[in-house]
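Encoded as structure tokens, the structure appears first; notes follow it.
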């Protein structure tokens, strides 16, 4: 691996960490398309190239989410019971659906991933900016825990993670916020803790069900490209904490819209090119 490639992966890790801390997402939005681009650049060929990118993304999310959720927990932004219910159910779902995902062609999986991103981007673009009174309520008390809603969120996001390589945070955060009436910052912190379990289960499934003809990268853990994951993880862990700090200090409505435009462009490019 060249110095230039390590630097690129390190930059991917920086972006991943900041996004994880700020928005409660695992970072798969950045990692999956970036790794697909990296593999194309180095002329790595495999019928499971997209699957490898997804499995590697889930692997890095374990460490990023651990860093992010630890910082959020110290700030009192994590509901451990909700995170555990969502995380355990999503873990079961992601494990089972990963088996189906491995059987799908790479192009089909890439289109599913792109479709998920487009939905996320449109949602972020259409989301209205909170008024001052709504922002003041963000620090208020959340509603009592609803185990059934937690269960629904866990099952739904587990399926999303299996097919897209996203930890599910892009859906967990708004679902916790709107359905469970949790303050936005607490939804982000709870999401960070929940997707830690989701990502771990996804990695396990992609490892145990690796096809014999996968043609994985050297020193891989099943379908997980460990060599490429190391620079991403090394950068994402400290920068996840920076993302949490930015989350505390800024109102990121404009930033989230710019981010939405970015992922919309990326997803459209992946579908048509």
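The values are calculated or read from the model by the stated rules, or taken from the named source; none is laboratory data. Fair warning: this is a prediction, and the values are worked out from it, not measured in the lab. Please note: Cβ atoms are built from the backbone with ideal geometry, for glycine as well, and neighbour counts cover all protein chains shown.
If the requirement is being over 18 Å from residue 27 (Cβ atoms) and either touching a residue at least 60 places away in the same chain (Cβ under 8 Å) or buried (at least 24 other Cβ atoms within 10 Å of the Cβ) (or both), which of these qualifies: 80, 66, 104, 117? Steps first, answer last, please.
Values: 66 fails: over 18 Å from residue 27 (Cβ atoms); 104 fails: either touching a residue at least 60 places away in the same chain (Cβ under 8 Å) or buried (at least 24 other Cβ atoms within 10 Å of the Cβ) (or both); 117 fails: over 18 Å from residue 27 (Cβ atoms).
Every option except 80 fails the conditions.
What about residue 211, is it over 17 Å from residue 103 (Cα atoms) and in contact (Cβ under 8 Å) with a residue 12 or more places away in the chain? If you could, list the steps in order and put the result at the bottom.
Working: over 17 Å from residue 103 (Cα atoms): no; in contact (Cβ under 8 Å) with a residue 12 or more places away in the chain: yes.
No, not satisfied.
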_Out of 206, 182, sole residue that is surrounded by 21 or more Cβ atoms within 10 Å (Cβ to Cβ) and either part of a helix (DSSP H, G or I) or touching a strand residue (DSSP E or B) at 6+ places or on another chain (Cβ under 7 Å) (or both)_ = 206
*Collect the residues in the range 34-51 that are under 13 Å from residue 104 (Cα atoms) and under 16 Å from the mean Cα position of the chain (by Cα), keeping them in residue-number order.*
50, 51
_Here are the criteria: (1) farther than 30 Å from residue 46 by Cβ; (2) crowded, with 20+ Cβ neighbours inside 10 Å; (3) modelled with pLDDT of 80 or more. Tell me which single one residue 173 does not satisfy._
(3)
*Only residues that are touching a residue at least 12 places away in the same chain (Cβ under 8 Å), surrounded by fewer than 20 Cβ atoms within 10 Å (Cβ to Cβ) and assigned to a helix (DSSP H, G or I): list them for the range 123-132, please.*
123, 125
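Which of the following residues is modelled with pLDDT under 75, over 23 Å from residue 73 (Cα atoms), out of contact with any strand residue (DSSP E or B) (no Cβ under 7 Å at 6 or more places or on another chain) and assigned to a helix (DSSP H, G or I): 120, 92?
Numbers: 92 fails: modelled with pLDDT under 75.
Matching residue, one of 120, 92: 120.
Of the residues 182, 206, 245, which is under 22 Å from residue 11 (Cα atoms) and touching a helix residue (DSSP H, G or I) at 6+ places or on another chain (Cβ under 9 Å)?
Values: 182 fails: under 22 Å from residue 11 (Cα atoms); 206 fails: under 22 Å from residue 11 (Cα atoms).
Going through 182, 206, 245 in turn, just one is under 22 Å from residue 11 (Cα atoms) and touching a helix residue (DSSP H, G or I) at 6+ places or on another chain (Cβ under 9 Å): 245.
Go over the candidates 214, 240 one by one and state the one that is under 15 Å from the mean Cα position of the chain (by Cα) and either within 20 Å of residue 57 (Cβ to Cβ) or buried (at least 20 other Cβ atoms within 10 Å of the Cβ) (or both).
After ruling out the rest, the residue left standing is 240.
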*Which of (1) within 18 Å of residue 267 (Cβ to Cβ); (2) surrounded by fewer than 24 Cβ atoms within 10 Å (Cβ to Cβ) does residue 4 not meet, given it meets every other one?*
(1)
_Can you go through 35, 58 and tell me which one is under 14 Å from residue 220 (Cβ atoms) and at pLDDT 90 or above?_
35
*Residues in the range 255-269: is at least one within 20 Å of residue 39 (Cβ to Cβ), at pLDDT 80 or above and in contact with a helix residue (DSSP H, G or I) (Cβ under 8 Å, 6 or more places away or on another chain)?*
no
*Report yes if some residue within the range 220-235 is surrounded by fewer than 21 Cβ atoms within 10 Å (Cβ to Cβ), at negative phi, outside any helix (DSSP H, G or I) and at pLDDT 80 or above; otherwise report no.*
yes
